[in-house]
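Scroll down for the structure; my scribbles are underneath it.
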Amino acid sequence: MAKIWTEENEEFIRENFRHKTYAELADLFGVTQKAMESKIRRMGLKKQDYRDPDPVPAMQPPRPLEPERPPVEPGPMPIKSARLLARRVETPRESPGDRKARLQAQKEAAQTEKALRESLRKDTVMARALKSFEAGLKQYHDGALGKAIESFRKVVDSCPPDPVLMDRARQYGVAITRQGRGRQFVPQDADDYYLVGVVALNDGQPARALSAFEQALSRAPGDDRILFCRAAAHAQKGDIDAAIDALREAVEINDANRIYAVNDPDFVPLRVHEDFRSIVSGEH
């Protein structure tokens, strides 16, 4: 049966709920603790609203008396270690005289470099190398990679007195060779097939090189540079007679191929043959 709360009950609860637990109040009124908590909530009573400050503060333990010490006079501030201090780099100021001397030295160095370049341009070998290099650049930008690699090879073979020029020509030759090895490179004309043949020849694949050179000659018959490289491919393959015949044809079209044949390592096996010696000596 539900508990019927009277005004006296509620007044008692208001006066004592702060000091008694819910269980104690429940025992006094003969109800469950849950019913007691529910009644107190309905009455709007909260213990924290009626919490009184502790009238008797906790006693702190007495602190031991410290002996009085004489006052310490402040001393000088300690000096930081020199390693911790940021080092300040002072840039020496340039005097007007030093600046004038420096500019004059730079001007003289530039004039010396210009004079050296002009003297090199007057050199016959250097002039030819520059001409071949400029032609190679034009051919390279025009997409004629086969002709470009031939022009750059001429620069390297001529051994110009300017090592920078020879190094640049060698770099262009390597770049073109890599492009010819690329899987996306599809030969279209004689110049492209010539490039494929040169790359194969440099890679030690004479059969593949010969196939490419035949494709190039079918599109450009009588091209002495293709005939020369075909002779080198035959020599690399070990076909001496075919190599001599192709070289003789290349020399008849362009006599400069004699000099190239003497210095080309692919023709070393042919040097013991009389026919080869007669071709390179001009007695053929």
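The values are calculated or read from the model by the stated rules, or taken from the named source; none is laboratory data. Note that the structure is predicted; figures quoted are calculated from it, not measured. Glycine also receives a Cβ, built like all others from the backbone with ideal geometry; neighbour counts cover every protein chain displayed.
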* Can you tell me which residue among 208, 258 is outside the structural domain of residue 153 (by TED's automatic domain parsing), under 25 Å from residue 178 (Cβ atoms) and in a helix (DSSP H, G or I)? => 208
* Of everything in segment 157-194 that's modelled with pLDDT of 85 or more and part of a helix (DSSP H, G or I), which residue is surrounded by the most Cβ atoms within 10 Å (Cβ to Cβ)? -> 194
* Check 213, 276 and return the single one that is among the aromatic types (Phe, Trp, Tyr), under 21 Å from residue 154 (Cα atoms) and surrounded by 16 or more Cβ atoms within 10 Å (Cβ to Cβ). => 213
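Restricting attention to segment 108-129, does a residue exist that is out of contact with any His (no Cβ under 6 Å at 6 or more places or on another chain) and crowded, with 21+ Cβ neighbours inside 10 Å?
Yes - at least one qualifying residue is present in segment 108-129.
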* Verdict on residue 201 being closer than 24 Å to residue 250 by Cα and in contact with a His (Cβ under 8 Å, 6 or more places away or on another chain) -> no
